[in-house]
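Input: a single structure, listed below in structure tokens.
The values are calculated or read from the model by the stated rules, or taken from the named source; none is laboratory data. What you are looking at is a predicted structure, and each value in this text was computed from that prediction instead of being measured. Backbone-built Cβ (ideal geometry, glycine too); neighbour counts: all protein chains shown.
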Amino acid sequence: MKVSDEPMVIEQSFDNSSEEVWSAITELKQMREWFFNNIEEFKPKIGFKTSFAVQSGGRTFTHLWEITEVVPLHKITYRWRYNEYSGDSFVKFELNEKVGSTLLKVSTEVIADFPDDIPEFKRESAVQGWNYFIGNQLKAYLERL
């Protein structure tokens, strides 16, 4: 993923209120159910920082998150990078409530290039990952509520 790439955008509609979707993407207990089960701590508060390690392809990816923007029930933005690798990005979750549903838009903007030689940093891999988390995991979680 490169600075020169267009931002990645994933959209998913849910038959849930914006309050339910917001809670699922900002409350630690719920995030562990559909996102990463090893997130140690999370608070939807500007300046909040957390880190946790994920293993993939024999490599460790220590996620470093910092919350940079919060508009309750509407938007939360993370600065998202990794301890072991160069690269930096912003990931924004935006909610738009419609009649009987909520549209979630997740966008990733790269602000410093990620390494070319790591498969997980290829755009296709990132798109596949977000589609899995948002279109499969979060969707299934919210359908159970």
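Quick look at the values:
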{"item": "Residues within the stretch 41-60 that are exposed (fewer than 14 other Cβ atoms within 10 Å of the Cβ) and either in contact with a helix residue (DSSP H, G or I) (Cβ under 7 Å, 6 or more places away or on another chain) or farther than 29 Å from Asp117 by Cβ (or both), tallied", "result": "6"}
{"item": "Residues within the stretch 61-115 that are at pLDDT below 95 and crowded, with 16+ Cβ neighbours inside 10 Å, tallied", "result": "1"}
{"item": "Residue among Glu109, Glu97, Glu11 that alone is in contact with a Pro (Cβ under 8 Å, 6 or more places away or on another chain) and either on the phi > 0 side of the Ramachandran plot or in a strand (DSSP E or B) (or both)", "result": "Glu109"}
{"item": "Residue among Glu27, Glu19 that alone is at pLDDT 95 or above and exposed (fewer than 14 other Cβ atoms within 10 Å of the Cβ)", "result": "Glu19"}
{"item": "Check on Phe133, more than 22 Å from Glu33 (Cβ to Cβ), buried (at least 16 other Cβ atoms within 10 Å of the Cβ) and touching a residue at least 24 places away in the same chain (Cβ under 8 Å)", "result": "no"}
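Yes or no, residue by residue, for (1) assigned to a loop (DSSP other than H, G, I, E, B); (2) of a type in the set (S, T, N, Q); (3) within 21 Å of Lys139 (Cα to Cα):
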position: Ile25; (1), (2), (3): no, no, yes
position: Ile39; (1), (2), (3): yes, no, yes
position: Ile46; (1), (2), (3): yes, no, no
position: Thr50; (1), (2), (3): no, yes, no
position: Gln55; (1), (2), (3): no, yes, no
position: Glu66; (1), (2), (3): no, no, no
position: Glu69; (1), (2), (3): no, no, no
position: Ile76; (1), (2), (3): no, no, yes
position: Glu84; (1), (2), (3): yes, no, no
